[in-house]
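**Q** Below is one structure. I have some questions about it.
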Amino acid sequence: MSDGKHKYVGQPVAREDALPKVTGRAMYVHDMHLAGMIHAATLKSPHAAARIKRIDTETARNLPGVRAVLVGEDLPYRLGLYVQDKLILARGQVRYQGEPVAAVAADTLETARAACELIRVEYEPVSPVLDPRNAIKPDAPLVHEDLHTYSYMKGVFAPKPHTNIAHHQKIRKGNVDDALAESDLVVNEHFYNPPAPHVPMETHAVIAQALPGDRMEVHTSAQSPYTVRDLLSHSLGLPQSNIRVHVPYIGGGFGGKAGIHLEPLACCLSRASGGRPVKIVATREEEFGTLPSRQGLHTEITLGVTKDGKIKAFKATYVWDAGAYADYGVNIGRAAAYAGAGPYCVPNCFIDSFVVYTNKVFGTAYRGFGHLEVLWGVERAIELAARRLGIDPYEFRMNNLLREGDKTITGETITAGHGRPDLCLQAVAEAIDWGTPSAPAEKGKARGKGIAVLHKAPAMPSYTSCSAIIKLNGDGSADILISGVDMGQGTYTTLRQIAADELRIEIDKVHITWECDTAFSPYDWQTVASRFAFMGGNATIAAAQDCLRQVRETAAIALRAAPEQIACENGEAYVESDPNRRLPYDRLALGYTFGNGNSIGGPIVGHGRYIAQGLTNLDPETGQGLPAQFWTYGAHGVEVEVDTETGEIEIVNIATALDAGKVLNPKLAREQVIGGVVQGIGSALFEGLIFNRDGHLQNGSFTDHKIPTAKDIPIHTRQIFVETPQPNGPYGARGMAEHPMISVPSAIANALVEAIGVDFHTLPLTAERVYTAIHTERTD
Amino acid sequence: MIGVFDYVRVGSVKEGCDLLAEHEGRARVFAGGTDLLVNIRNNGVSPDLLVDIKGIEPLGKLTVDAPDATIGACVPLNVIGENAAIAERCTALAQAALSVGSYQVRNRATLAGNVANASPAADTAPALLVLDAHVAVQGKAGGRDIPISELFLGVKKNSLAADEMITSIMLPSHAKHMRSAFIKKQRVRGHDLAVINMAGSLDQESGALRVAIGSCAVTPILLSIDSPIDCSAPIDELVARIDKIAQDAIRPIDDLRGSAAYRRGLIPVFLRRLLTMLVEREGGE
Amino acid sequence: MAKLHDIAVTVNGELETLSVPAGMTLLELLRDRLYLTGTKEGCGAGECGACTVILGDRPVNACLILAAETDGKEVRTVEGEASAASLSVLQQSFIDAGAIQCGFCTPGMIMSARALLARNPNPSDEEIKEAVAGNLCRCTGYEAIINAVRMAAKREAVTRQ
């Protein structure tokens, strides 16, 4: 980590990608046309659970313009990031309403859709299992009868054969039963988060082409090009280098595009069409009901505290509604367990986190990776405990937040480099003037303040890595190649800043190749988990330093000095003791040529990498281990105004503090927080998928599922950054991409306790539910 | 392609009605299209032919000459809502018009289309009901004029024959002391369908009060308020009286936007807000 | 073969003559026939505003306009916002205010804002919100977008003086 003077790191440098986006020239997969491209549509199951008895595709195949028709029986490939429980198209049975059962590729999208209409499927519906609390019972009908035959990531996950349990993560620390018995107050509460959709503005889109020699070329709106390559390789049985994945600009991901979704189907359709490029673009309705969402969560927390407000015991059961397939869900269940007691010092902890199959659209990664859902319960339970003890919720939290020397529930020791949740909480409390009651509201309105804390570490395998290549150009500029994806979060800009500072050149001379291409961009694990700036930053630093090593090597010979005597500044290499002997990079970048023509050195290409340091798997019985590369702590303070006659909530003021370590770009960081907070408000007040008793999605469109608009934003927002340096982070930075969303619902619900004296246990906090709670004077 | 259909732009109402008649219910009038095209896209309807009436010049006219205001079938909702005379004379309608969909949608959606679509939640319907609007309808055989209340038959069912189209909606002039207002409850503050919507008109001199409620029955409902109100009576009394009538008249259901119980609970709340606006005199009470 | 309609539509000042099927939307015409892919499809049903263009002088959702009805009309898209020489003040303001993240809602936002400033050169924040409320954004939380439009209004006022 460099600690020299920073010309660019820490500055509000503008994005390079703003220009193509603001002129409408940025190309997304939605916008791409390839020569010979054809279009695909899918036929989806109308039932939440059914056997497929017969599929008749004859008429569809004969429709003019149809190039390929596929059903599940045609595709003997298994998919699954962690548990291989999924097929490309349903085979033999369907497990959720909206699940694709057949696909058609045709000359036009209209033809493909018309052909889908002509496919006859005979279903035998069975009773779906919809509530994970029922699905987890021993006698529940099985969503995956063959669970025991699936391969899975051993040592990390453990699906339970002959059950609906895809994974069970445990934390066992100390003796919770004794500690509860010794507690002065025991709080036992249930909480619920519904499944919720990501709603990226660009729906999923992919163009795949099967090429000669069993090769595949894929353009996809995805967050993780190498994961797409890896999973295609694994499921189709092709060598990785036979598969090339491109990711151009993408219109948001939020975790929904983290893995692999439409790509395998597009690849298979291309093969079946004789190698035509096949484009699949999800409709908005498919985005809601066919593509995966955020898992729902049922939470039971039992919290034991002393009368002076110290946490003695924390017991929780998290029952995750994974939907029909495990996808990222099992990892969310794992992460939820090890983060599942919040950023508090908990001496005795007992957590069971179950990931349970149901017959609904499946869950995947979603910004926050389970932490918004978990902290909904945790921060509400903490609030309840504090209030029942008559202790100020701020004091209660301060009294229990993790501090240097404390151990987490997985046995990790908190160090000075961990970050300061207490400073975050203090900052937001000051920002909303906690301790001073809200100004009196006008008649029919009620105001209240609330606080909540948050934490998250990247939930990633212990071998997660990133690499970067920096090429110097003949004009002394630099190109960065990296395959993390900038989907608007701004990481590429921060990498340019880092590279410019490390290389000692003007930032205008540093470019990052926007499109990720697995043929050229070096490996990065996935753009998820708030780890890209951290690992990409470290990899970029290493690559830049490698470039400078090569610069110094060539310059040393050219300037007749030892490499150690060469310094770099302002795009030039010079002899430190005799600065008149100097050469600009453009005389070195492609090698150096002496006056007589002799040449030395050569093109300068630097490479760097970073692999997660010191992470361990979690003990399957106790959950002890080191899962976290770093923890980012934070807090929100919010003031709400409730219209007590209608139940509507206005966010008057929301302050958010994050200990993101060194803020690499304050402008981008603020933008990220504001956006995340509004997405959090969406989860808090409006969002959630609604299913009827048959497991049919009721609100799978913008008409029926609302997200915040420009008129729904808070009156005031504030973003505060505490900058405790992360020792192994680039310039001391740690990740902060997901965090702005986490605990927003908790903070708002805590404010509602002040405002209207109602304790909410279920999201979203719709006006109707607030109204009903006020008027029936009960908790919800 | 949003659907498979043919398209024709007609130059006259007669041409349009002839085509509607010829296609025996398989043709649709196309003005703003913000309901029609969405319905086609979602396979709710599959017409053979769209008859674009936006080229019929008189249908694009909004006139507020005394005594009546006449709003042609093709006038977009934004134009109606932003018209100063409409905003003053038919306040409820202006407010209702500006509450439909988003700004972009309102540049296309029309008043005639909003009522012809006959959603129980149609925002303009309660306003038109309390403003005593009537609808000019043309068919192949001739024209007729119907009170707005006779347009709504049920959920997405209007009383137009297959060969008929609305050509304009007229709002009769009102007494100087007439005030009207509109109020709508949504889930988000941005564009949304109504949980409930409500309009009222009050002759502040005579106390004649009209209140209409939408999204609480299969059609928008005009309440039967037989006798005038006393504008100087305490608001609580007025609300109680009208609420009783409303609760008896409405038949709300549970749907995605709200439950029947919530809707019933909101009625007195919005009645109070509406009546407070209506009884308020210029320069205070 | 469906009947085609001949249209002559002016797009960003250029007259385009095409034959289109009745069921083709203006959005499809722009993206698939004219390769003006700046205008995006977010929902196809008039709910998200990603396809906002200016028809005549009004911002509308192109997904709910038929191509066939644009004969004789003028359409402006994001591709027409910048001049050959430079970005518009509005575009530069979006950049300076940090109003762009994934960029997918950006073209629609630009067109809604452009139409707003044309009819109301000095909008209040409430008026700005009303004008862009029909444009959904999932990334920015809208604050920077509102700031951008306010900034553009001020700057355009200065250049008009």
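**Q** Being in contact with a Cys (Cβ under 8 Å, 6 or more places away or on another chain) and buried (at least 21 other Cβ atoms within 10 Å of the Cβ) narrows it down to one of A:Leu89, A:Leu81, A:Leu43, so name that one. Quick ask: steps written out before the conclusion?
**A** Details: A:Leu89 fails: in contact with a Cys (Cβ under 8 Å, 6 or more places away or on another chain); A:Leu81 fails: in contact with a Cys (Cβ under 8 Å, 6 or more places away or on another chain).
Step by step, each of A:Leu89, A:Leu81, A:Leu43 is checked, and only A:Leu43 is in contact with a Cys (Cβ under 8 Å, 6 or more places away or on another chain) and buried (at least 21 other Cβ atoms within 10 Å of the Cβ).
**Q** Now for a separate question. Counting only residues that are closer than 13 Å to B:Arg189 by Cβ and more than 10 Å from chain B (Cβ to nearest Cβ), how many does the range C:126-139 have?
**A** Summing the residues that are closer than 13 Å to B:Arg189 by Cβ and more than 10 Å from chain B (Cβ to nearest Cβ) in the range C:126-139 gives 1.
**Q** Related question: List every residue pair whose Cβ atoms sit under 6 Å apart, with the two residues 6 or more apart in sequence or on different chains, where the first one lies in the range A:74-93 and is under 13 Å from A:Pro264 (Cβ atoms) and the second, anywhere, is of a type in the set (S, T, N, Q) and in a loop (DSSP other than H, G, I, E, B).
**A** A:Arg78/A:Gln84; A:Gln84/A:Ser151
**Q** Can you pull out the residues in the range C:62-84 that are away from chain A (no Cβ under 14 Å) and free of Cβ contacts under 8 Å to residues at least 60 places away in the same chain? Working first, answer last.
**A** Step one: filter the range C:62-84 for residues away from chain A (no Cβ under 14 Å), giving C:65-74.
C:Ile65, C:Leu66, C:Glu69, listed by residue number.
**Q** What residue, among those in the range A:563-615 that are among the aromatic types (Phe, Trp, Tyr) and in a strand (DSSP E or B), is nearest to A:Met535 (Cα to Cα)? It would help to see each step written out before you state the result.
**A** Let us first name the residues in the range A:563-615 that are among the aromatic types (Phe, Trp, Tyr), namely A:574, A:585, A:592, A:594, A:610.
Okay, now just the ones that are also in a strand (DSSP E or B), so A:574, A:592, A:610.
Values: A:Tyr574: 31, A:Tyr592: 33, A:Tyr610: 6 Å.
Ranking the qualifying residues of the range A:563-615, first place goes to A:Tyr610.
**Q** Which count do you get for residues in the range A:486-520 that are touching a Pro at 6+ places or on another chain (Cβ under 7 Å), within 19 Å of A:Ile243 (Cβ to Cβ) and hydrophobic (A, V, I, L, M, F, W, C)?
**A** Total meeting the criteria: 1.
**Q** Okay, moving on. Give all pairs with beta carbons closer than 7 Å in which a residue from the range A:287-304 that is in contact (Cβ under 8 Å) with a residue 12 or more places away in the chain and surrounded by fewer than 23 Cβ atoms within 10 Å (Cβ to Cβ) meets a residue that is aliphatic (A, V, I, L, M) and in a loop (DSSP other than H, G, I, E, B); count only pairs at least 6 apart in sequence or on separate chains.
**A** A:Leu291/A:Ala282
**Q** Quick check on this structure: which one of A:Gly735, A:Gly729 is at pLDDT 95 or above, touching a Phe, Trp or Tyr at 6+ places or on another chain (Cβ under 8 Å), more than 23 Å from A:Ala655 (Cβ to Cβ) and surrounded by 21 or more Cβ atoms within 10 Å (Cβ to Cβ)? So that I can check it myself, show each step before the final result.
**A** Values: A:Gly735 fails: more than 23 Å from A:Ala655 (Cβ to Cβ).
Every option except A:Gly729 fails the conditions.
**Q** Could I ask something else about it? Regarding the range A:269-288, can at least one residue be identified that is modelled with pLDDT of 95 or more, under 30 Å from A:Asn399 (Cβ atoms), in contact with a strand residue (DSSP E or B) (Cβ under 9 Å, 6 or more places away or on another chain) and in a loop (DSSP other than H, G, I, E, B)?
**A** Of the range A:269-288, the ones modelled with pLDDT of 95 or more are A:269-288.
Subsequent filtering for residues that are under 30 Å from A:Asn399 (Cβ atoms) retains none.
The answer is no, given that none of the residues of the range A:269-288 is modelled with pLDDT of 95 or more, under 30 Å from A:Asn399 (Cβ atoms), in contact with a strand residue (DSSP E or B) (Cβ under 9 Å, 6 or more places away or on another chain) and in a loop (DSSP other than H, G, I, E, B).
**Q** Enumerate the helices (runs of 4 or more DSSP H) found wholly within the range B:22-91, keeping only those where 2 or more residues are within 11 Å of another protein chain (Cβ to nearest Cβ). Talk me through it step by step, then tell me what you get.
**A** Values: elements: B:36-41, B:77-81, B:84-89.
Where helices (runs of 4 or more DSSP H) fall fully within the range B:22-91 and carry at least 2 residues being within 11 Å of another protein chain (Cβ to nearest Cβ), they are B:36-41, B:77-81.
**Q** Quick one: what pairs do we get from the range A:406-421, first residue within 22 Å of A:Pro740 (Cβ to Cβ) and touching a residue at least 12 places away in the same chain (Cβ under 8 Å), second charged (D, E, K, R) and buried (at least 17 other Cβ atoms within 10 Å of the Cβ), C-beta under 6 Å, 6+ apart or different chains?
**A** From residues that are within 22 Å of A:Pro740 (Cβ to Cβ) and touching a residue at least 12 places away in the same chain (Cβ under 8 Å), the pairs are A:Gly419/A:Asp659; A:Arg420/A:Asp659.
**Q** Condition first: surrounded by fewer than 24 Cβ atoms within 10 Å (Cβ to Cβ) and closer than 28 Å to A:Val485 by Cα. Now tell me which residues in the range C:82-92 satisfy that. Please lay out each step first, then the result.
**A** If we filter the range C:82-92 for residues that are surrounded by fewer than 24 Cβ atoms within 10 Å (Cβ to Cβ), which is where we start, we get C:82-89, C:92.
Matches in the range C:82-92: C:Ala82, C:Leu87, C:Gln92.
**Q** Consider A:Thr772 against the criteria (1) in a helix (DSSP H, G or I); (2) β-branched (Val, Ile, Thr); (3) more than 14 Å from chain B (Cβ to nearest Cβ): it satisfies all of them except one. Which criterion is unmet?
**A** Tallying (1) in a helix (DSSP H, G or I); (2) β-branched (Val, Ile, Thr); (3) more than 14 Å from chain B (Cβ to nearest Cβ), A:Thr772 fails exactly one: (3).
**Q** B:Phe5 - would you say it is under 30 Å from C:Leu136 (Cβ atoms), within 14 Å of chain C (Cβ to nearest Cβ), more than 20 Å from the chain's Cα centre (by Cα) and of a type in the set (A, V, I, L, M, F, W, C)? Spell out how you get there, then give the answer.
**A** Values: under 30 Å from C:Leu136 (Cβ atoms): yes; within 14 Å of chain C (Cβ to nearest Cβ): yes; more than 20 Å from the chain's Cα centre (by Cα): yes; of a type in the set (A, V, I, L, M, F, W, C): yes.
So B:Phe5 fits the description; yes.
**Q** Here is a follow-up. Among the residues of the range C:140-150, are any without any contact (Cβ under 8 Å) to a residue 40 or more places away in the chain, within 18 Å of C:Cys51 (Cα to Cα) and either within 11 Å of chain B (Cβ to nearest Cβ) or aromatic (Phe, Trp, Tyr) (or both)? Write out each step before concluding.
**A** Start the filter on the range C:140-150 by keeping residues that are without any contact (Cβ under 8 Å) to a residue 40 or more places away in the chain, which leaves C:141-143, C:146, C:150.
Right, trim to within 18 Å of C:Cys51 (Cα to Cα) and you get C:142.
Keeping just the survivors that are either within 11 Å of chain B (Cβ to nearest Cβ) or aromatic (Phe, Trp, Tyr) (or both) gives C:142.
Within the range C:140-150, one or more residues are without any contact (Cβ under 8 Å) to a residue 40 or more places away in the chain, within 18 Å of C:Cys51 (Cα to Cα) and either within 11 Å of chain B (Cβ to nearest Cβ) or aromatic (Phe, Trp, Tyr) (or both).
**Q** Does at least one position in the range B:38-49 carry a residue that is touching a Cys at 6+ places or on another chain (Cβ under 9 Å), buried (at least 17 other Cβ atoms within 10 Å of the Cβ) and closer than 13 Å to B:Thr167 by Cα? Before the answer, list the steps.
**A** Within the range B:38-49, the first condition is being touching a Cys at 6+ places or on another chain (Cβ under 9 Å), and the residues that meet it are B:41.
Going one step further and asking which of them are buried (at least 17 other Cβ atoms within 10 Å of the Cβ), we end up with B:41.
In the following step, the residues that additionally are closer than 13 Å to B:Thr167 by Cα were identified as none.
Among the residues of the range B:38-49, not one is touching a Cys at 6+ places or on another chain (Cβ under 9 Å), buried (at least 17 other Cβ atoms within 10 Å of the Cβ) and closer than 13 Å to B:Thr167 by Cα, which makes the answer no.
**Q** Related question: How many residues, within the range C:93-125, are within 8 Å of chain A (Cβ to nearest Cβ), part of a helix (DSSP H, G or I) and not aromatic (Phe, Trp, Tyr)? Step through it out loud before you land on a result.
**A** Looking only at the range C:93-125, we keep the residues that are within 8 Å of chain A (Cβ to nearest Cβ), and these are C:94-96, C:98, C:100-107, C:110.
Then drop every residue that is not part of a helix (DSSP H, G or I), which leaves C:94-96, C:106-107, C:110.
Filter once more, so that each one left must be not aromatic (Phe, Trp, Tyr): C:95-96, C:106-107, C:110.
Total meeting the criteria: 5.
**Q** Continuing with the same structure: Please give the number of the condition A:Thr656 fails out of (1) farther than 29 Å from A:Ala196 by Cα; (2) within 14 Å of another protein chain (Cβ to nearest Cβ); (3) not basic (Lys, Arg).
**A** The number of the failed condition is (1).
**Q** Considering only residues that are over 26 Å from A:Met460 (Cβ atoms) and assigned to a strand (DSSP E or B), which ones fall in the range A:70-88?
**A** Hits for the range A:70-88 are A:Leu70, A:Val71, A:Leu87.
**Q** Can you go through B:Gly200, B:Gly190 and tell me which one is assigned to a strand (DSSP E or B), outside the structural domain of B:Ser102 (by TED's automatic domain parsing) and at negative phi?
**A** Values: B:Gly190 fails: assigned to a strand (DSSP E or B).
After applying the criteria, what remains is B:Gly200.
**Q** Right, another one. Is it the case that the range A:669-683 has a residue that's within 14 Å of chain C (Cβ to nearest Cβ) and over 20 Å from the mean Cα position of the chain (by Cα)?
**A** The answer is no; no qualifying residue exists.
**Q** Could you please find all residues in the range A:93-133 being β-branched (Val, Ile, Thr) and under 25 Å from A:Glu145 (Cα atoms)?
**A** Going residue by residue through the range A:93-133, those that are β-branched (Val, Ile, Thr) are A:94, A:101, A:104, A:108, A:111, A:119, A:121, A:126, A:129.
Listed by number, the residues that qualify are A:Val94, A:Val101, A:Val121, A:Val126, A:Val129.
**Q** Report yes if A:Leu303 is in contact with a Leu (Cβ under 9 Å, 6 or more places away or on another chain), within 26 Å of A:Phe691 (Cβ to Cβ), at pLDDT 95 or above and not in a helix (DSSP H, G or I), otherwise no. Lay out the reasoning, then the answer.
**A** Numbers: in contact with a Leu (Cβ under 9 Å, 6 or more places away or on another chain): yes; within 26 Å of A:Phe691 (Cβ to Cβ): no; at pLDDT 95 or above: yes; not in a helix (DSSP H, G or I): yes.
No, not satisfied.
**Q** Here's a follow-up. Go through the range B:176-199 and give me each residue that's over 19 Å from B:Arg89 (Cβ atoms) and either within 14 Å of the chain's Cα centre (by Cα) or of a type in the set (D, E, K, R) (or both). I'd like the intermediate steps shown before the answer.
**A** Let us first name the residues in the range B:176-199 that are over 19 Å from B:Arg89 (Cβ atoms), namely B:184-198.
Residues satisfying the conditions are B:Lys184, B:Lys185, B:Arg187, B:Arg189, B:Asp192, B:Leu193, B:Ala194, B:Ile196, B:Asn197, B:Met198.
**Q** Which one of the conditions (1) assigned to a loop (DSSP other than H, G, I, E, B); (2) in contact (Cβ under 8 Å) with a residue 40 or more places away in the chain; (3) surrounded by fewer than 22 Cβ atoms within 10 Å (Cβ to Cβ) does A:Ala48 fail to meet, given that it meets all the rest?
**A** (3)
**Q** If only one of C:Leu87, C:Leu34, C:Leu55, C:Leu15 is facing chain A (nearest Cβ under 9 Å), without any contact (Cβ under 8 Å) to a residue 40 or more places away in the chain and either farther than 25 Å from A:Glu285 by Cβ or in contact with a Gly (Cβ under 6 Å, 6 or more places away or on another chain) (or both), which one is it?
**A** Details: C:Leu34 fails: facing chain A (nearest Cβ under 9 Å); C:Leu55 fails: facing chain A (nearest Cβ under 9 Å); C:Leu15 fails: facing chain A (nearest Cβ under 9 Å).
Just a single option satisfies the conditions, and that option is C:Leu87.
**Q** Identify, please: which residue in the range A:696-712 is touching a Phe, Trp or Tyr at 6+ places or on another chain (Cβ under 7 Å) and touching a residue at least 60 places away in the same chain (Cβ under 8 Å) and is, among those, surrounded by the fewest Cβ atoms within 10 Å (Cβ to Cβ)?
**A** My answer is A:Ser701.
**Q** Let me ask you something else. Quick one: count up the residues across the range A:705-755 that are more than 19 Å from the chain's Cα centre (by Cα) and within 14 Å of chain B (Cβ to nearest Cβ). Steps first, answer last, please.
**A** Going residue by residue through the range A:705-755, those that are more than 19 Å from the chain's Cα centre (by Cα) are A:705-706, A:708-732, A:746-755.
With the extra rule that they be within 14 Å of chain B (Cβ to nearest Cβ), the set shrinks to A:705-706, A:708-715.
Counting residues in the range A:705-755 that are more than 19 Å from the chain's Cα centre (by Cα) and within 14 Å of chain B (Cβ to nearest Cβ) gives 10.
The values are calculated or read from the model by the stated rules, or taken from the named source; none is laboratory data. Given the structure is predicted, the values throughout are model-derived calculations rather than measurements. Note: ideal-geometry Cβ built from the backbone for every residue, glycine included; neighbour counts use all protein chains shown.
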